[in-house]
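Engineer: If you scroll down you'll find the structure; I have some questions about it.
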Amino acid sequence: MPDKKVLKPSANHPITVAPNEARVVVTVGGKVVADSANALTLREANYPPAQYIPRADVDFGLLERTEHSTYCPFKGDASYYSIRTGDGVAENAVWTYEAPHDAVAEIKDHVAFYPSKVDAIEER
């Protein structure tokens, strides 16, 4: 298998990671899946900001790891989880970089949620 390309953030593709001053609450199927005062906001190029929540602030009892994975040359290999609620399953709704590239090392031990696959990601 060929080596995966590793790219560093630049002026053409900026990435910043900063503490979110707000409390971030994620709900799915009427249940709180994550509630954190320690979220990180990752801003990457022209993508919408993503909230990375410490694993300790996530209810992993509602998550099921999947076989799905993706690769980002700026961040690394992503693993995925689905969220099971009484209403069903939100497939591959959560991603995490367990060994992120050095440029985004802060997001290790954090997870992020696809806004389209959860009820809400609120900043309070």
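Engineer: When you scan the range 72-81, do you find a residue that is of a type in the set (Lys, Arg) and either within 20 Å of LEU40 (Cβ to Cβ) or open to solvent by less than 70 Å² (accessible area, probe 1.4 Å) (or both), even just one?
Structural biologist: Yes: one or more hits.
Engineer: May I ask you to verify whether LYS31 is closer than 25 Å to THR85 by Cβ and modelled with pLDDT under 95?
Structural biologist: The answer is yes for LYS31.
Engineer: Out of the range 75-89, which residues are within 20 Å of PRO54 (Cα to Cα) and among the hydrophobic types (A, V, I, L, M, F, W, C)? Can you show your working first?
Structural biologist: Residues of the range 75-89 within 20 Å of PRO54 (Cα to Cα): 75-84.
Scanning the range 75-89 gives ALA78, ILE83.
Engineer: Against the conditions (1) hydrophobic (A, V, I, L, M, F, W, C); (2) touching a residue at least 24 places away in the same chain (Cβ under 8 Å); (3) open to solvent by 70 Å² or more (accessible area, probe 1.4 Å), where does ILE15 fall short? Just the number, please.
Structural biologist: (3)
The values are calculated or read from the model by the stated rules, or taken from the named source; none is laboratory data. Given the structure is predicted, the values throughout are model-derived calculations rather than measurements. Note that we place each Cβ from the backbone using ideal geometry, even for glycine, and neighbour counts take in every protein chain shown. When the accessible area is computed, the model is the full protein with side chains, heavy atoms only, and any ligands, DNA or RNA have been set aside. Shrake-Rupley method; radii C 1.70, N 1.55, O 1.52, S 1.80 Å.
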